[in-house]
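Structure, as structure tokens:
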Amino acid sequence: MKDSAEHREDGRPEGTYSAVHSEKVEDYSGTAEPLLPVLEVSATQLAPGPPPSNVGIFASDKVNILAVHFNAPSVGTVIIKPECFGFMWWDGPEECRINGVHTERSLLHTQGEQDGFHAVGGKRRTAGLTVRRDDLISALAALRGVGPEDVHLGRSALRLSDAAAQRYRRDIKAFMGAALEDGARTGNLGDGLFGVLLEAYLGATPEQNLRSTRRPAEQIVRRAEERYFEADGGPVSLADLCAAAGVSQSVLYRAFHSVCDDAPLAYFHKRRLNEARRVLMTSERYRGAVKNAALSAGLTEMGRFSLEYRSLFGKSPSATLSMYGR
């Protein structure tokens, strides 16, 4: 980790940063959540394959970045604190949808009116960037010569030219490299990254008709997820999810297939299996550790748990504990 000195209100010095890179990571949410302005960071694996890898994090008082390489079909979720605003982009050999929208290398997805991002796809690298909402609005207003009240951040995606998209990715990569370099203390990298974002934002064309006029699918999914979290490992029915989201079963199914590439109850069951794996990967090795990991995720049928776990992750729960457990 690279970290500079001094301190501001939240403990981070103004004009300084932290940078983290890990090729192999047991639970990147545990690293990202304390450093970044997020309420939730998670990955839900949907099919067999290795866990995420090559996680890069940049955290400053101005700009924050989380980049993750996904090695299997999965849903990456980032829920951002209300005072911040986020952007996300994608690269990789397999297609990806961000908040239900098929992405392209020339698209810079924005948080829009939602509280974060759900990115679903196969092997890929996604990166998200957050800034303070007030900082972004003030800067855009000044550069456009308008008042802050005339700046609206409701678009779901911005289209860059091919050259601008390449330049944006190249510059972000260069700044991340400088942040991760041992002993690098070359000025305020947060300001530099903020400038890269502003240049891309001002030169982009807002995408039209990426959404229908109906309620956004990711908003429906998020309301259902909140009900899932409220259950705290207890049972959740389809009727519970529909009531929480305020939609019919058919609308709920369409939303989940669009955003998560899975049916609602199937997706949440896989979330429980992923939660059990995270516990096993960070647990001490002791008698009953596997059972406790399953129960902590709300999975009470041990025989079924072992079979489904092996089917999803390609190894038994005990093998995961032996490989990663302390």
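Taken together, the values in this text are just the output of simple stated rules run on the coordinates, not laboratory data. Fair warning: this is a prediction, and the values are worked out from it, not measured in the lab. Cβ placement follows ideal geometry from the backbone for every residue including glycine, while neighbour counts extend to all protein chains displayed.
Just a few scattered comments:
- Residues of the range 41-70 with amide N under 17 Å of the 7 Å Cα→Cβ point at LYS123: 46-55, 68-70
- Per the Cα gyration tensor, the range 218-326 maps to an equivalent ellipsoid with semi-axes of 29, 13, 11 Å, ordered largest to smallest.
- Distance (nanometres) between label positions extended 7 Å along Cα→Cβ at ALA141 and ASP232: 4.2
- Between SER22 and GLU149, the FRET efficiency estimated from the beta carbon spacing at R0 = 45 angstrom works out to 0.60.
- For the range 220-242 versus the range 31-90, the gap between their alpha-carbon centres in whole angstrom: 22
- Largest to smallest principal axis extent of the C-alpha atoms in the range 221-268, angstrom: 25, 19, 15
- Net charge dipole size for the chain [Lys, Arg +1 and Asp, Glu -1 on Cβ; Debye, nearest 20]: 1040
- Calculated mean projected area of the Cα convex hull in nm² (choose from (1) 22.9; (2) 16.5; (3) 17.5), label: (3)
- Distance violations [Cα-Cα > 23 Å] among LYS24/LYS173; LYS24/LYS123; LYS24/LYS62; LYS123/LYS173: LYS24/LYS62
- Calculated mean residue ellipticity, 222 nm, the chain: -13000 deg cm²/dmol, from DSSP H runs (n ≥ 4) at -39500 (n - 2.57) each, averaged per residue and rounded to 500.
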